[in-house]
Amino acid sequence: MPATIISGSAIARTIRQEIAAELTAIKEHHGLIPGLATILVGEDPASQSYVAAKNKTAHTLGIHSEQITLPATTSEEELLRIVEQCNRNSAIHGILVQLPLPRHIDEARVLFAIDPAKDVDGFHPVNAGKMMLGQHCFLPCTPNGILELLQRTGIETAGAEVVVVGRSNIVGKPVANLMLQKRLGGNATVTVCHTRTRDMAAHTRRADILIVAAGVAKMIKAEQIKAGAVIIDVGVNRIGRTATGKAILAGDVDYDDVLNQAGAITPVPGGVGPMTITMLMRNTLQAAKQAAGLL
Ligand code: GUN
């Protein structure tokens, strides 16, 4: 029997309706309109399309959004100055600096400059530290989106063997951390695999829930997963172009190969991606409410 398809698009739509209802309420009762600033440095096509999607979703929901687009030659000092302007702008409640940044810019320094109260990506060390300790904070969007997907699909994580492939600061490390926490949606036994893991298949084959965020197109095949496993594919790899020039996307999991082996799977596109954007909207709403003393 083929795997159940976990539609991130459908789940994200439901959550966006919840967000829209709250946005209407805070506007009506408090005159509050959340504001999001997105900062994109350079012309990376993938980053351009992610930032455009974030701004479009914000606009559709009625979140005020400002896209700041800067050339790849922007200096670190100039970027820090712009972040500081956003920190001081009371119409902006959330700041997102799209990663990766050009190599001449120190990413850690820029992320550290963002006001932790406006850090809707959850990348500032204050928020990353609070997350690790299980304290209230902005949770990073992709890991939080994965937890929401699992919860809203009714997939039990308590006691589950969760294997994460990839150890990035954006996905692998935080999702592993969240899934092992003593809370709803956590309580899993977590293994993290990476480029130096010996015999990766020995680990992935044990997974009840396999989360793949390695950035390598179609790297996970049917023989690397357990029958009935839940597969969360975070990969978005551009593997070619259609005749009309549109990018052809593939996940880190070979979808067609694993379809009859997996129990459930997120598609690419339409799986984790829409959840990431939706969690960003929810964090922006949370930031605005916190700034207004409503939380
Ligand atoms: N690059 C890839 N994913 C993300 C994300 O969630 N936030 C930011 N700021 N950059 C990214």
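For the reader, a short list of remarks on this structure follows.
- Among the conditions (1) surrounded by 17 or more Cβ atoms within 10 Å (Cβ to Cβ); (2) within 15 Å of residue 265 (Cα to Cα), residue 151 misses just one, which is (1).
- Checking 280, 285, 210, 294 one by one, the residue that is at pLDDT 95 or above and more than 30 Å from residue 39 (Cβ to Cβ) is 210 and no other.
- Subset tally (residues that are of a type outside the set (A, V, I, L, M), within 19 Å of residue 115 (Cβ to Cβ) and within 15 Å of the ligand (Cβ to nearest atom)) for region 68-96: 2
- Put simply, of 37, 10 the only residue that is open to solvent by less than 80 Å² (accessible area, probe 1.4 Å), assigned to a strand (DSSP E or B) and of a type outside the set (D, E, K, R) is 37.
- All positions within region 122-145 that are in contact (Cβ under 8 Å) with a residue 40 or more places away in the chain, away from the ligand (no atom under 12 Å from the Cβ) and either within 21 Å of residue 96 (Cα to Cα) or part of a strand (DSSP E or B) (or both): 128, 131, 132
- Looking only at region 161-172, residues that are buried (at least 20 other Cβ atoms within 10 Å of the Cβ) and free of Cβ contacts under 8 Å to residues at least 60 places away in the same chain come to 4 in all.
- Failed condition for residue 91, given (1) farther than 22 Å from residue 50 by Cα; (2) within 19 Å of the chain's Cα centre (by Cα): (2)
- Residue selected from region 57-67 under the condition part of a helix (DSSP H, G or I) and within 16 Å of the ligand (Cβ to nearest atom), by the criterion most open to solvent (accessible area, probe 1.4 Å): 57
The values are calculated or read from the model by the stated rules, or taken from the named source; none is laboratory data. Note that the structure is a prediction, hence the values are computed from the model and not measured. Note: ideal-geometry Cβ built from the backbone for every residue, glycine included; neighbour counts use all protein chains shown. Please note that ligands, DNA and RNA were not included when accessible areas were found on the heavy atoms of the full protein model with its side chains. Shrake-Rupley method; radii C 1.70, N 1.55, O 1.52, S 1.80 Å.
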